[in-house]
1. With touching a helix residue (DSSP H, G or I) at 6+ places or on another chain (Cβ under 7 Å) and over 21 Å from Y347 (Cβ atoms) as the only criterion, which of G301, G278 stands out?
2. Would you pick out the residues in segment 15-33 that are within 16 Å of ligand 1 (Cβ to nearest atom) and in contact with a helix residue (DSSP H, G or I) (Cβ under 8 Å, 6 or more places away or on another chain)?
3. Is it the case that segment 172-180 has a residue that's without any contact (Cβ under 8 Å) to a residue 60 or more places away in the chain, away from ligand 3 (no atom under 12 Å from the Cβ) and assigned by TED's automatic domain parsing to the domain that holds S236?
4. When segment 63-93 is examined, which residues are found to be under 28 Å from R180 (Cβ atoms) and among the charged types (D, E, K, R)?
5. Any chance segment 77-97 includes a residue that's free of Cβ contacts under 8 Å to residues at least 24 places away in the same chain and over 19 Å from P351 (Cα atoms)?
6. Name the single residue that is nearest to Q241 (Cα to Cα) among those in segment 185-212 being within 16 Å of ligand 3 (Cβ to nearest atom) and open to solvent by less than 30 Å² (accessible area, probe 1.4 Å).
7. If L283 satisfies all but one of (1) part of a helix (DSSP H, G or I); (2) open to solvent by less than 10 Å² (accessible area, probe 1.4 Å); (3) touching a residue at least 24 places away in the same chain (Cβ under 8 Å); (4) among the aliphatic types (A, V, I, L, M), what's the number of the condition it fails?
8. With V356, V396, V366 as the choices, which residue is more than 16 Å from ligand 2 (Cβ to nearest atom) and more than 30 Å from V431 (Cα to Cα)?
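The values are calculated or read from the model by the stated rules, or taken from the named source; none is laboratory data. Treat the numbers as computed from the prediction; the structure is a model and nothing was measured. Here the Cβ is made from the backbone with ideal geometry for all residues, glycine too, and neighbour counts use every protein chain on show. Heavy atoms of the whole protein, side chains included, go into the accessibility calculation; ligands, DNA and RNA do not. Shrake-Rupley method; radii C 1.70, N 1.55, O 1.52, S 1.80 Å.
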Amino acid sequence: MSKSLYIKTFGCQMNERDSEIIEQLLAQEGYVPADRAEGADVVLINTCSIREKAEQKVFSLLGQLRDEKARNPSLLLGVIGCVAQQEGERIRDRMPHVDLIVGTQQIYRLPEMLARLEQRVTSREIAINLEASFHIPPFQKLLVNASPFPASSGFKRFVTIMQGCNNYCSYCVVPGTRGREISRPMADIIEEVEILASQGVKEITLLGQNVNSYGLTNPVADLTVSFPELLRRVASINGLQRLRFTTSHPKDLSEDLMRCFAEIDILCPHFHLPVQSGSNAVLKRMNRKYTIETYLEKVAGLRRFCPEIALATDIIVGFPGETEEDFQATLELLSLVRFHGSFSFKYSDRPHTHSVNFLDKIPEEVKSRRLLAFQTLQDAIGLERNAECIDKEVEVMLEVCAGDDCKGRTPAHQMVHFNRQGLPLAPGDLVTVKINQAGKHSLKGDIHLKH
Ligand code: SAH
Ligand code: SF4
Ligand code: F3S
């Protein structure tokens, strides 16, 4: 009889990709996906620790699952991901109903760890593995016979090209939870993308905390190349129609990478370049290692090579010591660069980071007021940016349809709603849409019918 597996994923795209890999690895061991925790044989929580709220969600879900475990004692409950890595020992001590705790670099060992747990003799044996590993196995080879992704989501996939981060921004848990930066050998990445493309995948997003430094810090340096070289090589794989990457650190953004936007056809004109703050004083305390002046030079460089490039960013408001002037500088930066979109967060104290010890913490109500002011301005700019598309024809890659109502994304990553007028379209198809309406976060238009 087959066993069922439910995975709940929090956090970033790297966690999403890890969950997919785990699902596929375990499918080979006979696990079938379950759509809820109730009644599943194995429940895994893939956790995120980036802000306090993200971590709270994990602990509240673990609390809820205590009842499920009481109802169904044979359930195996596992915690993986960044909270597992950081709080593993504490979870073991405080959450005795958890059976399995696996760190961010040990997910490939889940099949054998679960197999051992299934055969355990005593009722309270917990499997825990938080070790660091400087190696991402070429797992994709093992998955050639795994069932392909469903057509509705199978047309676009993430591919992890590196793990960890060496930047130590003063507010950030990632160097602690994901460990030192390590690049995967190019051959493994190419092989993974080739397999995905042969299964019908049309869009690939290369993933890393700082893809710009791909190949720079690598224990097997001779097996990797620079990030622009990797991009060129991936872009040449047959069948791919769109290529993206995330995330980039501004300090490592080279002119060679900028040039890729002019030279690689399938590289989408969309760049997520987190700035975090518009104030040099704050950037310094954040340990970001660039100034606003150099950030703006990089923005200008990108626009020189690719005038239509859509820029997006991340912002933290209320970093310790952020003055009203510092915050105004962030708003000014917004008006100057006119980002297509942004993710904005209130600063959150995280364990084992430098900034946790900084003085002059900003009160919650000030952070909330600044976040609202930031988002109000960003929404207005986002709307103006989207309005620039009105009356233009854009290429849309279809994501889903409900009846004739469809949505998909432009190369610049804008969401477009349109009616397919009875046309037989499938997810991953490219269509041309003439835009007639713009909102803050999406566009609307009419499909261009071929005659
Ligand atoms: N590696 C990426 C992103 C990492 S996390 C990068 O360097 O850009 C995603 C975003 O979460 C960050 O860009 C930052 O804006 C936000 N973030 C990270 N730590 C935070 C904290 N302690 N409080 C609030 N936001 C945080
Ligand atoms: Fe965190 Fe900075 Fe690394 Fe991004 S670059 S993951 S913000 S330490
Ligand atoms: Fe969260 Fe870990 Fe990603 S902390 S943002 S899941 S790297």
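1. Details: G278 fails: over 21 Å from Y347 (Cβ atoms).
None of the others qualify; the one that does is G301.
2. So in segment 15-33, the residues within 16 Å of ligand 1 (Cβ to nearest atom) come out as 15-18.
Result: N15, D18.
3. First, pick out the residues of segment 172-180 that are without any contact (Cβ under 8 Å) to a residue 60 or more places away in the chain: 175, 180.
Keeping just the survivors that are away from ligand 3 (no atom under 12 Å from the Cβ) gives 180.
Right, trim to assigned by TED's automatic domain parsing to the domain that holds S236 and you get 180.
The answer is yes, given that some residue of segment 172-180 is without any contact (Cβ under 8 Å) to a residue 60 or more places away in the chain, away from ligand 3 (no atom under 12 Å from the Cβ) and assigned by TED's automatic domain parsing to the domain that holds S236.
4. Keep residues of segment 63-93 that are under 28 Å from R180 (Cβ atoms), which gives 78-93.
Residues satisfying the conditions are E87, E89, R90, R92, D93.
5. So far as segment 77-97 goes, no, none of its residues is free of Cβ contacts under 8 Å to residues at least 24 places away in the same chain and over 19 Å from P351 (Cα atoms).
6. First pass over segment 185-212, keeping only residues within 16 Å of ligand 3 (Cβ to nearest atom): 205-211.
So of that shortlist, the ones also open to solvent by less than 30 Å² (accessible area, probe 1.4 Å) come out as 205-208, 210-211.
Working: T205: 11, L206: 14, L207: 17, G208: 21, N210: 24, V211: 20 Å.
Top of the filtered list is T205.
7. Every condition holds for L283 apart from (3).
8. So the residue among V356, V396, V366 that is more than 16 Å from ligand 2 (Cβ to nearest atom) and more than 30 Å from V431 (Cα to Cα) is V366.
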